[in-house]
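This report concerns only the one structure given below.
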Amino acid sequence: MEQKSYILITGASSGFGREIAVRLSENNPVILHGRDKERLMKTLAACSPAGKHLIWEFDLSDVNGVEESLTHFLLENNCVVGGFVHSAGYMKMLPLKVLSVDAFRQSFDVNVISAGMIAKVLMKRKVNQGALKSIVLISSNVSNFGVKAMSAYAASKSAVDGLMRCLAVELAPAVRVNSVLPGGVRTAMTEQIYQNEEITEKVDATYPLGPGTPSDIAGAVKFLLSDDARWITGQQLFVDGGRTINITV
Ligand SMILES: NC(=O)c1ccc[n+]([C@@H]2O[C@H](COP(=O)([O-])OP(=O)(O)OC[C@H]3O[C@@H](n4cnc5c(N)ncnc54)[C@H](OP(=O)(O)O)[C@@H]3O)[C@@H](O)[C@H]2O)c1
């Protein structure tokens, strides 16, 4: 019997990942990944039609356990993955004077290394039957630019894009690999930054197209996964309302 092909979305319990999962569930069965069962169930309830989708609970900071956990999950559920979206992410604003090895490690483990290990599992013929066609990694516009107190996070996102480009070359022509670089959007991750109304107004004014939403990110991911993007690989797609091309003073 042919195995059902799913789209795996990490970080589907919140923010962009939840929105991406809900959007993609309209046309595909999805595997919702996250740590928090309650929040994952909330995403599942918003997916259409619920029932056929699956949930993979795993803490991605355990990078050494990723291969075994995902392999076991796929074999146990007798399913394969045709598309992989890595939206799980760790971000903490830390000026250099308080930066720690642990904060660096957490950023790289969750944002970069786990994505690479998931891709490795999905390329194993015995596990995923050659089903993988497309990978989209959620990077950030700070991958290419400088921001105060973001060095560990930005370094990890630059590494995400390095991983993306190398996998795009290594896995072609079977698999396309791209990244989406969002600008600042209100989610659980950034809520604290948007607490101050004055700062919010100042930040919003730097976006020529005005503030974005998780739905704007989901639209870009859906496009990159689709056949409309069949000749696009190894690319960083900025989805930031023009924030990073704006040099207005
Ligand atoms: N929001 C923005 O302005 C913005 C801008 C640029 C890039 N991004 C990137 O977009 C992605 C999504 O961010 P978001 O804004 O949607 O944040 P969010 O709402 O806080 O969601 C973060 C997701 O990552 C998961 N996650 C975090 N640590 C994890 C771990 N150790 N193991 C497994 N899952 C883990 C969380 O799972 P649990 O809920 O289960 O803990 C949650 O589903 C991230 O990669 C972020 O860096 C965000």
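So which of Asn111, Asn141, Asn128 is more than 12 Å from the ligand (Cβ to nearest atom) and of a type outside the set (A, V, I, L, M, F, W, C)? Break it down stepwise before answering.
Working: Asn111 fails: more than 12 Å from the ligand (Cβ to nearest atom); Asn141 fails: more than 12 Å from the ligand (Cβ to nearest atom).
Within the list Asn111, Asn141, Asn128, the selection yields Asn128.
Could you list all residues from region 213-249 that are outside any helix (DSSP H, G or I), within 23 Å of Tyr6 (Cα to Cα) and open to solvent by less than 40 Å² (accessible area, probe 1.4 Å)?
Of everything in region 213-249, those that are outside any helix (DSSP H, G or I), within 23 Å of Tyr6 (Cα to Cα) and open to solvent by less than 40 Å² (accessible area, probe 1.4 Å) turn out to be Ser226, Gly234.
Identify all residues within region 35-53 that are within 15 Å of the ligand (Cβ to nearest atom) and touching a strand residue (DSSP E or B) at 6+ places or on another chain (Cβ under 7 Å); write none if there are none.
The answer is Arg35, Lys37, Leu40, Thr43, Leu44, Cys47.
Might you check whether a residue that is in contact with a His (Cβ under 9 Å, 6 or more places away or on another chain), farther than 21 Å from Val22 by Cβ and open to solvent by less than 50 Å² (accessible area, probe 1.4 Å) occurs anywhere in region 92-111?
Step one: list which residues in region 92-111 are in contact with a His (Cβ under 9 Å, 6 or more places away or on another chain), which gives 111.
Next, from what is left, pick out any that are farther than 21 Å from Val22 by Cβ: 111.
Now narrow it down to the ones that are open to solvent by less than 50 Å² (accessible area, probe 1.4 Å): 111.
Yes, there is a match, as at least one residue in region 92-111 is in contact with a His (Cβ under 9 Å, 6 or more places away or on another chain), farther than 21 Å from Val22 by Cβ and open to solvent by less than 50 Å² (accessible area, probe 1.4 Å).
Restricting the search to region 54-79, which residues are outside any loop (DSSP other than H, G, I, E, B), open to solvent by 50 Å² or more (accessible area, probe 1.4 Å) and either more than 11 Å from the ligand (Cβ to nearest atom) or hydroxyl-bearing (Ser, Thr, Tyr) (or both)? Let's see the steps before the verdict.
Going through region 54-79, the residues outside any loop (DSSP other than H, G, I, E, B) turn out to be 54-57, 63-76, 79.
With open to solvent by 50 Å² or more (accessible area, probe 1.4 Å) added as a condition, the list becomes 57, 64, 68, 72, 75-76.
Listed by number, the residues that qualify are Asn64, Glu68, His72, Leu75, Glu76.
Residue by residue through region 169-212, note down the ones that are open to solvent by 70 Å² or more (accessible area, probe 1.4 Å), within 12 Å of the ligand (Cβ to nearest atom) and touching a residue at least 12 places away in the same chain (Cβ under 8 Å).
Answer for region 169-212, where residues must be open to solvent by 70 Å² or more (accessible area, probe 1.4 Å), within 12 Å of the ligand (Cβ to nearest atom) and touching a residue at least 12 places away in the same chain (Cβ under 8 Å): Arg186, Ala188, Met189, Pro211.
Return yes or no: is Glu2 near the ligand (Cβ under 10 Å from one of its atoms) and either outside any loop (DSSP other than H, G, I, E, B) or surrounded by fewer than 18 Cβ atoms within 10 Å (Cβ to Cβ) (or both)? Outline the logic, then answer.
On the way: near the ligand (Cβ under 10 Å from one of its atoms): no; either outside any loop (DSSP other than H, G, I, E, B) or surrounded by fewer than 18 Cβ atoms within 10 Å (Cβ to Cβ) (or both): yes.
Judged against the criteria, Glu2 is not a match.
Among (1) open to solvent by 40 Å² or more (accessible area, probe 1.4 Å); (2) among the hydrophobic types (A, V, I, L, M, F, W, C); (3) on the phi > 0 side of the Ramachandran plot, there is one condition Cys166 misses while meeting the rest; what is its number?
Exception for Cys166: condition (3).
Among the residues of region 80-108, count how many are of a type in the set (S, T, N, Q) and away from the ligand (no atom under 15 Å from the Cβ).
Going residue by residue through region 80-108, those that are of a type in the set (S, T, N, Q) are 87, 100, 106-107.
Next cut, away from the ligand (no atom under 15 Å from the Cβ) only: 100.
Count: 1.
Filter region 11-44 down to residues that are assigned to a helix (DSSP H, G or I), open to solvent by less than 10 Å² (accessible area, probe 1.4 Å) and of a type in the set (Val, Ile, Thr) and give me whichever is nearest to Val85 (Cα to Cα).
By that ranking, first place goes to Ile20.
The values are calculated or read from the model by the stated rules, or taken from the named source; none is laboratory data. The model shown is predicted, which means the values in this text are computed figures rather than measured ones. So basically every Cβ, Gly included, is an ideal-geometry build from the backbone, and we count neighbours across all protein chains shown. Heavy atoms of the whole protein, side chains included, go into the accessibility calculation; ligands, DNA and RNA do not. Shrake-Rupley method; radii C 1.70, N 1.55, O 1.52, S 1.80 Å.
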